[in-house]
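We did not get these values from a lab; they are worked out from the coordinates using the rules stated. Please read all numbers here as calculations on a predicted model, not as lab measurements. Backbone-built Cβ (ideal geometry, glycine too); neighbour counts: all protein chains shown.
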Amino acid sequence: MTQDELKQAVARAAIDYVVDGEIIGVGTGSTANFFIDELAKIKHRIKGAVASSEATAARLAGHGIAVYDLNHVPEISVYVDGADEITAAGAMIKGGGAALTREKIVASVARQFVCIADGSKLVEVLGKFPLPVEVLPMARAAVMRRLAALGGEPRLRLQAGTDQAFITDNCCEIIDVLGLSIADPLALELQINQIVGVLTNGLFAARGANVCLLGTPEGVRKLA
Ligand code: 5RP
């Protein structure tokens, strides 16, 4: 099976977690895109969705799924999203697609976080994937110094093929931190969030996944 077929399989499996008549939280990335395509097939069963990025909002709307502003939605039954890395305990690194802040906000109001990922994302220790940290542009250099002091190698994310900073949906920038071996994801998540100028970091440990559907050649494996 190809990696896309594994992603499609977990996206299909995640439909079982959708609660009829409700508003669904939807993540960002290639796996989340497969989920949106599956959601479109049952769109008559749901009220709509809250999107974690402009790209996701556009894809949902393109399928005719109503997109709600989170400010008008008090609670979400389920949030479905991918991950760049996940542990068996449900702690994740996210933000490879630069949507980490809105993803964390939507996830924070969801009763259940269902992570969908191909099997390559399961790791014992987080940190091989560079940790994304979203920062206000004026704080970039100061935050990079603080991240280097934590033992990482911070690099400003650039727009592909240019030397210009990548700009997020929130008009901020992303610093990717290489070389971390994250033994205690919750402690590091809280520590990085304390750095002035950081909007969010891509560690999802305080609010990890409740369920992870992993795509493997043998089928969809559930970690809960
Ligand atoms: C976007 C994310 C994505 O969930 C993460 O990057 C995984 O993406 P993909 O499903 O394309 O592998 O956090 O900000």
The range 1-90 - convex hull of the alpha-carbon atoms, volume per residue in Å³: 108
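Stokes-Einstein D for the range 122-203 at 20 °C, 1.002 mPa s, Kirkwood Rh over Cα pairs, in µm²/s? Kindly include the intermediate steps, with their values, before the conclusion.
On the way: Rh = 12.8 Å.
Value of D from the Cα-based Kirkwood radius: 167 µm²/s.
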Loop-located chymotrypsin sites (Phe, Trp or Tyr not before Pro) in the range 99-204 whose Cβ has at most 14 other Cβ within 10 Å (DSSP): none
Cross-link pairs K7/K43; K128/K222; K43/K94; K7/K41; K121/K222 - those with Cα-Cα distance over 25 Å: K43/K94
Orphan Cys of the chain, criterion: no other Cys C-beta under 4.7 Å: C171, C172
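Rounded to the nearest 5, what % of DSSP beta bridges with both residues in the chain are antiparallel?
Numbers: 23 of 41 bridges.
Once the DSSP bridges in the chain are tallied, antiparallel ones form about 55 percent.
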Partners for K47 among lysines (Cα-Cα distance below 24 Å; same-chain residues under 8 apart left out): K104
Surrounding net charge for F204, when Lys and Arg each add one and Asp and Glu each subtract one, Cβ distance under 15 Å: -2
Cα-based equivalent ellipsoid of the chain: semi-axis lengths in Å, sorted from largest, via gyration tensor: 28, 20, 16
Percent breakdown of C-alpha pair distances by 10 Å bin, ordered from the shortest bin, for the range 42-167: 11, 34, 34, 18, 3, 0
Kirkwood Rh and Cα Rg combined as Rg/Rh, the range 52-95: 1.05
Highest average packing first - 53-59, 186-192, Cβ atoms within 10 Å: 53-59, 186-192
